[in-house]
């Protein structure tokens, strides 16, 4: 296990402990899983690929619609929300949150975690 | 079937070029190409290339895979060479690469060159060695140079 991977796992564990977050994952922009706390029964590979597709398409839509920089994608459903955002050039952060979650709190925690992931990967590249 | 070898190459160019542009317009060409390679390799590595035995050494695995591609008649790989070790592989790919024409078109049009051979090698290593490798196109030219190295977060 590499130091980079251990630090990413620590970051995602910490994010998953935020009360309104069910589970979270760090995935690569090409759709591979790095680390996650997704529950049994959820295929992390599928979540990673779909998250990469959602963010990629959302970024392209943002550009095509001349809406400036893409910030995050939020998918709302009956039983929860899926939030995904960039974490540097290489990775994405995704979280599954409860339907009645305090989004402000969750987004704050996610943005902090995304910066940590970016920093860990940047340090690891050096 | 295309009636000539040139016709077959043009058909390949047509689909590769079109699919790359479509994937880019939808937002994520690397995801698309990696998924295509993963699905294709999972099928063909296990069914149509049963003789292919990968070493745990990444360089040897790349050589064995490339040899099986050639022996299987997919395309000639005699101008592909590998150096490196179990963690890092440097590949040089010459003019015989079937994707070169599309890569050249994209390069000339100032689009990013997504090396399909590199995607294939990285996916093969992931499937056969159960290890993630990142790749980088160090140089697009004659020959192309790519480097595959074990991901630092694996």
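Here, each number is a calculation from the coordinates, and none is a lab measurement. Model, not experiment: these values are computed from the prediction. With ideal geometry, Cβ positions are generated from the backbone for all residues, glycine too; neighbour counts draw on all protein chains shown.
By the beta-carbon count within 10 Å of each Cβ, the least crowded to most crowded order of A:58, A:77, fewest first, is A:77, A:58. Residue exposure proxy: B:92, A:79, ordered by other Cβ atoms within 10 angstrom of their Cβ from fewest to most, comes out as A:79, B:92. Where the centroid of each part is defined by its Cα atoms, how far is the stretch B:106-154 from the stretch B:1-72 in Å? After rounding, the separation between the Cα centres reads 12 Å.
The listed peptides B:122-128, B:68-74, ordered by packing as a protection proxy, come out as B:122-128, B:68-74 (highest mean of other Cβ atoms within 10 Å first). With contacts taken as Cα pairs under 8 Å and at least 6 residues apart, chain A reaches a relative contact order of 26 percent.
Based on the alpha carbons, how large is the Rg to Rh ratio for the protein assembly as shown when Rh follows Kirkwood? Using Cα coordinates only, the ratio equals 1.00. Once C-alpha pairs closer than 8 Å and six or more residues apart are averaged by separation and normalised to the residue number of the stretch B:86-153, the relative contact order reads 41 percent.
Arranged from fewest to most other beta-carbon atoms within 10 Å of their beta carbon, B:17, A:98 become A:98, B:17.
For peptide A:45-57, the mean count of partner chain Cβ atoms within 10 Å of a residue's Cβ comes to 3.
Go ahead and estimate [θ] at 222 nm for chain B from helices alone: -39,500 (n - 2.57) per DSSP H run with n ≥ 4, summed, over the residue count, rounded to 500.
Details: 5 runs with 78 residues, N = 154.
My calculation for chain B gives -16500 deg cm²/dmol from helical runs alone.
Cα centroids of the stretch A:70-84 and the stretch A:1-67: 12 Å apart.
At q = 0.11, 0.13, 0.22 Å⁻¹ the log10 of I(q)/I(0) for the stretch A:3-125 amounts to -0.33, -0.47, -1.35, computed by Debye summation with a single uniform scatterer per C-alpha, solvent ignored. Restricting the calculation to Cα atoms, every distinct pair contributes to the Kirkwood radius of the stretch B:1-145, found to be 15.9 Å.
Look at the stretch B:13-26: the mean tally of other chain Cβ atoms within 10 Å of its residues' Cβ atoms is 1.
Only Cα pairs under 8 Å and at least 6 apart count here; give the relative contact order of chain B as a rounded whole percent.
On the way: 196 pairs, mean separation 31.3, N = 154.
Here the relative contact order equals 20 percent.
Eigen-decomposition of the gyration tensor built on the alpha-carbon atoms of the stretch B:1-86 gives equivalent ellipsoid semi-axes of 26, 19, 13 angstrom, largest listed first. Helix B:29-47 and the long axis of chain B differ in direction by around 60°, with both axes built from C-alpha atoms. Calculated mean residue ellipticity at 222 nm for chain A: -16000 deg cm²/dmol, from DSSP H runs with n ≥ 4 weighted as -39500 (n - 2.57), summed, divided by the residue count and rounded to 500.
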